[in-house]
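The values are calculated or read from the model by the stated rules, or taken from the named source; none is laboratory data. All figures in this text were calculated on a predicted structure; none of them were measured in a lab. Ideal geometry is used to build each Cβ from the backbone, glycine not excepted, and the neighbour counts take in all protein chains shown.
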Amino acid sequence: MFRYSKELAQMALGNQKAPLVLKNANLVQVFTNEIIQADIAIADGYIVGVGTYHGEQEVDLSGRYVCPGFIDAHLHLESTLVNPAELIETASLRGTTTFIVDPHEAANVSGTEGIDYILNETEESQANVYVMMPSCVPAGPFEDNGCTLTAEDMKSYVGNPRILGLGEVMDCGGVLNGDSALLDKLTLFRDKSIDGHAGYLNEEATNAYSLAGIGSDHECCTFEAALREMRAGFQILVREGSAAKNLDPIIRGVVANRLPYHQLAFCTDDKHIADIRIDGHINYNVRRAIALGVPPIEAIKIGSLYPAKHYGLRHLGAIAPGFQADILVLSDLEQVTVERVYHKGVPVVEYLERHRPVPENLLNTVHIKLDGIEALRLPMCHSKARVIELIPGEILTKECMADVKVEEGFFQSDATYQKIVVLERHRATGKIGIGIVKGFSIQGGAIASTVGHDSHNLIAVGDEDEEIYRAIRALEACGGGYTVVVKGQEPVVIPLEIMGLMSNECDEVVQPKLSEMIEIARSLGVPEGIAPFINLSFLSLPVIPEVRITPRGLYHVTEGCFKPVNEKG
């Protein structure tokens, strides 16, 4: 924490050398939308002056641009598949110095112990890692997850300086209907930030949702949804991740309609380390926004100042006296080419400790009950069926009614329609939901995962019951993970032994195996535009339109009810 002192005042006045001065920088001045040449004096992790300074150590930045470190306004570290600190390292080297994390994946499996794991594993990162307290554990009243998180459970976290507020409120129905348990959580965090999850609500419902104190949303997939929420006062967290890519339509609309930019922030939500290494992190979002017509300084502010202001991080988001010295050195402004990163005035370097002890209670979390392969059959009265249809490049789905193949009273997969199965995996209740999906195009195999947002039950898709069954048993045996099964071959598996969500191996071990498995999935027919394991993981999340599959059956999100796959004729 910054503490003003006589010594710092003398440095700011130029009467005493600062420990570090970045000289001759082309500074992106986010308060006045200027680029000015200036020296930046740094002491005790903070900026003490901008102007003309001399330091005990001086770094000449002639010809380079300097801007504030970027902020990822919403992400789930569990989606990296590896230790949370590894994503922080990878992204911070590319210019993201602040991460606002929602650990609801871990919480849905292991409750507060999962949240504590995320806090502890990121405490010593070379970045600012804040946490939003998961609001919907479970995501809905009918979900079969591992733990329940009440307002009472959250009280001890409210005073933690790393807890910024309440995470994405996915239970829109609970908000609109005044669910008492949810209102207790909203009341507990009424003086802090509260994130939303409601890009599909109409105008009246958006008004009521905003009235509850919810101030942001990362689930706007279209400009129209973003505009509706901006008019209600929301901060739009423009998402660009590995599966959900919403930046282009929203930014194009904002630019075309000449709207102000201060209600925007960038986030990734879920972005794999391999994609970060190839494309970048928030620096990619900033670069893409500039390419779509956002002025460079405004694009940088969307990635820094605006989210800092929204989340009350008064010490972040700018290069000015009293701000933390989270600074990016850019060799190219419009390409946002990050040459060097400073966190608290110290250069960010690769540092990760590769293997860490894992609490025993976060291991061995997969407990299923499956009474033989016959339990995977899907009875059909006739061929007309309700199908989950994937939308390439999105995590949204749509409902379609289709004629599917039926043999001897049971559904049979073909090249277009495959079987999708979700098993409750926390308490071995034996609950199993079976549906039909269009978009994976799998032939001769199956894929499966214990990463199944947000309850993280075991989810599988394939064209034959035998391969689906083998995939399920493979994940049961390894304590959770990803698997792909080719007919006649042994399952290929990535064990995710930590809560069934993460591996304790480093990304250099996990990523080559994941790439291999994705290629196998492609050979089975999964098309480009569908991320095999990421898209699969979202098909069990009953808070994103339009239709999903849970251990209790097929759920229609926008209508708020379960529906049969096969209507009785």
Completion exercise
Residue set Gly372, Gly393; condition assigned by TED's automatic domain parsing to the domain that holds Asp463 and more than 30 Å from Arg94 (Cα to Cα); output residue Gly372
Practice task
Can you tell me which residue among Glu152, Glu89 is acidic (Asp, Glu) and closer than 24 Å to Val348 by Cβ?
Solution key: Glu89
Handout entry: Condition met for Asp184 (part of a helix (DSSP H, G or I) and acidic (Asp, Glu))
Key = yes
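Can you name every residue in the stretch 475-492 that is more than 12 Å from Ile368 (Cβ to Cβ), small (Gly, Ala, Ser) and at pLDDT 95 or above? Break it down into steps so the answer makes sense when it comes.
First, the residues of the stretch 475-492 that are more than 12 Å from Ile368 (Cβ to Cβ): 478, 481-492.
Filter once more, keeping what is small (Gly, Ala, Ser): 481, 488.
Answer for the stretch 475-492, where residues must be more than 12 Å from Ile368 (Cβ to Cβ), small (Gly, Ala, Ser) and at pLDDT 95 or above: just Gly481.
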Exercise for the section: Within the stretch 382-409, track down each residue that is exposed (fewer than 14 other Cβ atoms within 10 Å of the Cβ) and of a type outside the set (Gly, Ala, Ser). Expected result: His382, Pro392, Met401, Asp403, Glu407, Glu408
Practice task
All but one of (1) under 11 Å from Ile319 (Cβ atoms); (2) in a strand (DSSP E or B); (3) not aliphatic (A, V, I, L, M) hold for Phe31, so report the exception by its number.
Solution key: (2)
Exercise for the section: Considering (1) closer than 21 Å to His74 by Cα; (2) exposed (fewer than 15 other Cβ atoms within 10 Å of the Cβ); (3) not acidic (Asp, Glu), say which one Gly178 fails and leave the rest. Expected result: (1)
Practice task
Please go through the stretch 413-452 and pick out each residue that is surrounded by fewer than 17 Cβ atoms within 10 Å (Cβ to Cβ) and either touching a helix residue (DSSP H, G or I) at 6+ places or on another chain (Cβ under 7 Å) or free of Cβ contacts under 8 Å to residues at least 60 places away in the same chain (or both).
Solution key: Asp414, Thr416
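Residues in the stretch 248-266 that are among the aliphatic types (A, V, I, L, M), buried (at least 19 other Cβ atoms within 10 Å of the Cβ) and not in a strand (DSSP E or B): how many? Outline the logic, then answer.
So the first thing to find is which residues in the stretch 248-266 are among the aliphatic types (A, V, I, L, M), and the list is 250-251, 254-256, 259, 264-265.
This time we only want the ones that are buried (at least 19 other Cβ atoms within 10 Å of the Cβ), so: 250-251, 254, 264-265.
Now drop any that are not not in a strand (DSSP E or B), which leaves 250-251, 254.
Going through the stretch 248-266 one residue at a time, the tally reaches 3.
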Exercise for the section: Tell me which residues, restricted to the stretch 61-103, are buried (at least 24 other Cβ atoms within 10 Å of the Cβ), of a type in the set (Ser, Thr, Tyr) and either within 17 Å of Val358 (Cβ to Cβ) or not assigned by TED's automatic domain parsing to the domain that holds Arg277 (or both). Expected result: Thr80
Practice task
Would you check if there is a residue in the stretch 323-330 being among the charged types (D, E, K, R) and either out of contact with any Asp or Glu (no Cβ under 6 Å at 6 or more places or on another chain) or under 30 Å from Glu89 (Cβ atoms) (or both)?
Solution key: yes
Practice task
For Asp39, indicate whether it is assigned to a strand (DSSP E or B) and either more than 30 Å from Leu514 (Cβ to Cβ) or without any contact (Cβ under 8 Å) to a residue 24 or more places away in the chain (or both).
Solution key: yes
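Can you name the strands (runs of 3 or more DSSP E) wholly within the stretch 470-569 that have at least 1 residues being free of Cβ contacts under 8 Å to residues at least 24 places away in the same chain and surrounded by fewer than 16 Cβ atoms within 10 Å (Cβ to Cβ)?
Details: elements: 481-486, 492-495, 547-550, 553-556, 561-563.
In the stretch 470-569, 561-563 are the strands (runs of 3 or more DSSP E) which contain 1 or more residues that are free of Cβ contacts under 8 Å to residues at least 24 places away in the same chain and surrounded by fewer than 16 Cβ atoms within 10 Å (Cβ to Cβ).
Residues being in a strand (DSSP E or B), out of contact with any Leu (no Cβ under 7 Å at 6 or more places or on another chain) and exposed (fewer than 15 other Cβ atoms within 10 Å of the Cβ): count how many of those fall in the stretch 337-349. First the steps, then the outcome.
Initially, the stretch 337-349 is screened for residues in a strand (DSSP E or B), giving 337-343, 346-347.
Okay, now just the ones that are also out of contact with any Leu (no Cβ under 7 Å at 6 or more places or on another chain), so 340, 342-343, 346-347.
Then drop every residue that is not exposed (fewer than 15 other Cβ atoms within 10 Å of the Cβ), which leaves 346-347.
Here the count works out to 2.
On the basis of being among the β-branched types (Val, Ile, Thr) and within 25 Å of Met170 (Cβ to Cβ), does Ile468 make the cut? Please lay out each step first, then the result.
On the way: among the β-branched types (Val, Ile, Thr): yes; within 25 Å of Met170 (Cβ to Cβ): no.
Here the answer is no, as Ile468 does not meet what is asked.
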Problem - Residue among Tyr53, Tyr130 that is among the aromatic types (Phe, Trp, Tyr) and part of a loop (DSSP other than H, G, I, E, B) - result: Tyr53
Exercise for the section: Restrict the check to the stretch 104-119 and report whether at least one residue is under 17 Å from Gly241 (Cβ atoms) and crowded, with 24+ Cβ neighbours inside 10 Å. Expected result: yes
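Being touching a residue at least 60 places away in the same chain (Cβ under 8 Å), within 20 Å of Asp72 (Cβ to Cβ) and in a loop (DSSP other than H, G, I, E, B) is the filter; apply it to the stretch 193-239 and report the residue that is farthest from the chain's Cα centre (by Cα). Spell out the reasoning first.
Keep residues of the stretch 193-239 that are touching a residue at least 60 places away in the same chain (Cβ under 8 Å), which gives 193, 195, 197, 200, 215-216, 218-219, 221, 235, 237-239.
Subset that is within 20 Å of Asp72 (Cβ to Cβ): 193, 195, 197, 215-216, 218-219, 221, 235, 237-239.
Now drop any that are not in a loop (DSSP other than H, G, I, E, B), which leaves 197, 215, 218-219, 221.
On the way: His197: 12, Gly215: 18, His218: 9, Glu219: 11, Cys221: 15 Å.
Taking the candidates together, the pick is Gly215.
Rundown of residues vs (1) buried (at least 24 other Cβ atoms within 10 Å of the Cβ); (2) within 23 Å of Leu8 (Cβ to Cβ); (3) touching a helix residue (DSSP H, G or I) at 6+ places or on another chain (Cβ under 7 Å), yes/no style:
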| position | (1), (2), (3) |
| --- | --- |
| Ala289 | yes, no, yes |
| Leu313 | no, yes, no |
| Gly322 | no, yes, no |
| Leu328 | yes, no, no |
| Gln335 | no, no, yes |
Problem - Restricting the stretch 138-174 to residues that are free of Cβ contacts under 8 Å to residues at least 40 places away in the same chain and within 19 Å of the chain's Cα centre (by Cα), the residue that is surrounded by the most Cβ atoms within 10 Å (Cβ to Cβ) - result: Leu166
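Please tell me if Gly317 is on the phi > 0 side of the Ramachandran plot, touching a Ser or Thr at 6+ places or on another chain (Cβ under 6 Å) and not in a helix (DSSP H, G or I). Outline the logic, then answer.
On the way: on the phi > 0 side of the Ramachandran plot: yes; touching a Ser or Thr at 6+ places or on another chain (Cβ under 6 Å): yes; not in a helix (DSSP H, G or I): yes.
Yes.
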Practice task
Using the structure shown, decide if Ala107 is part of a helix (DSSP H, G or I), within 19 Å of Gly303 (Cβ to Cβ) and not hydroxyl-bearing (Ser, Thr, Tyr).
Solution key: no
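Residue check: is Gly452 assigned to a strand (DSSP E or B) and among the small types (Gly, Ala, Ser)? Give the steps one after another, and end with the answer.
Details: assigned to a strand (DSSP E or B): no; among the small types (Gly, Ala, Ser): yes.
No, not satisfied.
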